[in-house]
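Undergrad: Below you will find the structure I want to go over with you.
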Amino acid sequence: MRKIFIFICLLFSLCGMAQKSIVMEQDGGVYRIPCKVNGAKMKMVFDTGASSVSISSSIAQYLYDNDYITKDDILGTGQAQVADGRIVNHVIINLRDIEIDGIHVQNVKATVSESLASPLLFGQSAIQKLGKISLNGNILTIENYNNNYTPKQIDELSSKIKQAYQEDKNYYLAAKYLTEMERLCGLSATGYKKLCYCYSELDEIDNCINAMKRFENNCHDNLESEEAADIYMFLAIALEKNRYYSKAISVRQKSCAIYMKLKDWEFVGENYRNLGSDYYGMKEYQKAINAFQKAITYFTKHLGIPDNGIKKNDDLRLTYAYMAGAYAKFFSNERNPTSISYLRKAAQCGDENSVQRLKRLGYSY
């Protein structure tokens, strides 16, 4: 009974509803999706205006030469009218399996075209097999798709995720298993939070951004949750590592707004302190000072002491030290009274670096 209960908890903490969002690649005026055709890796053009699936003769020849399609998959010939009004003959083949991000569309008829500009065109005859879909820019969302997984698969994968993420801190493997879980049954907000944390730790910005977008599209009821705030914070950290400060600021502001609504003053303070660091990195020292001051206000509120008060606390000591540095840059003078005042506060909160800096400048604290 205990094992069943643990399994259910793992399932609901990681798996979401049977909804999947796929980030398509924009290429000129079309969107392409990586896929596998009978196991061969391809990229298809997703075209809701096309009535059927079309494949270029060169790609069809490649598939045939490499045994991805056989003589049994050739169904016959047909005719179609092209844009200039001509009637042309074409070969009709059966694509036994088209896989899109873990979703399988099987036994799709496709026409082989000599004049096709794109190597693989995914039209309505196959799109309809996906069920209900929605498009938002380059995000394709499949509302309900067939889940071909067993409880045993989920149980085993949950154990692998726990081992890699929680025990081994192997974030590469954890990300791999989480994306596999996403393909099998979708992820909950908690699952996406773990995935974004892994990508942040691995410094994989693009993967982190795509995971965030899938979270936003798949977890509509959690967009103002603590998990959402954490996801934005993890992405901001990855952006800051690579000095994309302006992008990090916009993401951190989302995180900060959610924590404000949740009244989690400690994390509001943390976000403002990091916003200040971003502005500092951009040499916008006045904005950095304003952000650090807000951080101090919320840290002291969290600690239950007066604004700009003193307490032995890592968050507070660091923020006072950062504020001192921002004022030194703003005035182009590390001996200006305001900077020295905040250095003293940092020292009184236990910041040893500030103690040493005051001594070097000839001040006591």
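The values are calculated or read from the model by the stated rules, or taken from the named source; none is laboratory data. Note that the coordinates shown come from a computational prediction; the quantities given were computed from them, not determined experimentally. Methodologically, a virtual Cβ is constructed for each residue, glycine included, from the backbone with ideal geometry; neighbour enumeration extends over all protein chains shown. Please note that ligands, DNA and RNA were not included when accessible areas were found on the heavy atoms of the full protein model with its side chains. Shrake-Rupley method; radii C 1.70, N 1.55, O 1.52, S 1.80 Å.
Undergrad: Looking only at the stretch 161-184, how many residues end up being open to solvent by 30 Å² or more (accessible area, probe 1.4 Å) and not polar (S, T, N, Q)?
TA: Counting residues in the stretch 161-184 that are open to solvent by 30 Å² or more (accessible area, probe 1.4 Å) and not polar (S, T, N, Q) gives 13.
Residue by residue, here is whether (1) part of a helix (DSSP H, G or I); (2) open to solvent by less than 30 Å² (accessible area, probe 1.4 Å) holds:
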site: SER246; (1), (2): yes, no
site: ARG252; (1), (2): yes, yes
site: ALA257; (1), (2): yes, no
site: LYS261; (1), (2): yes, no
site: GLU266; (1), (2): yes, no
site: ASN271; (1), (2): yes, yes
site: ASN274; (1), (2): yes, no
site: TYR279; (1), (2): yes, no
site: LYS283; (1), (2): no, no
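Undergrad: Would you confirm whether or not the stretch 331-343 contains a residue that is of a type in the set (Asp, Glu), buried (at least 18 other Cβ atoms within 10 Å of the Cβ) and not in a helix (DSSP H, G or I)?
TA: To start, the set of residues in the stretch 331-343 that are of a type in the set (Asp, Glu) comprises 334.
Of the ones still in play, those that are also buried (at least 18 other Cβ atoms within 10 Å of the Cβ) are none.
Looking for residues that are of a type in the set (Asp, Glu), buried (at least 18 other Cβ atoms within 10 Å of the Cβ) and not in a helix (DSSP H, G or I), one finds none in the stretch 331-343, hence no.
Undergrad: Right, here's the next one. Return the residues of the stretch 197-236 that are among the β-branched types (Val, Ile, Thr) and closer than 21 Å to LYS261 by Cβ; say none if nothing qualifies.
TA: Let us first name the residues in the stretch 197-236 that are among the β-branched types (Val, Ile, Thr), namely 205, 209, 231.
Once the filter is applied, which keeps residues that are among the β-branched types (Val, Ile, Thr) and closer than 21 Å to LYS261 by Cβ, the stretch 197-236 yields only ILE231.
Undergrad: A further question follows. Checking LYS169 against (1) modelled with pLDDT of 90 or more; (2) not in a loop (DSSP other than H, G, I, E, B): exactly one of these is not met. Which one?
TA: (2)
Undergrad: Next up: Across the stretch 195-231, which residue is surrounded by the fewest Cβ atoms within 10 Å (Cβ to Cβ) among those that are over 10 Å from the mean Cα position of the chain (by Cα) and in contact (Cβ under 8 Å) with a residue 60 or more places away in the chain?
TA: Once the filter is applied, the top-ranked residue is ASN217.
Undergrad: Of ASP67, ASP84, which residue is in a loop (DSSP other than H, G, I, E, B) and at pLDDT 85 or above?
TA: Working: ASP84 fails: at pLDDT 85 or above.
ASP67 is the lone residue from the list that is in a loop (DSSP other than H, G, I, E, B) and at pLDDT 85 or above.
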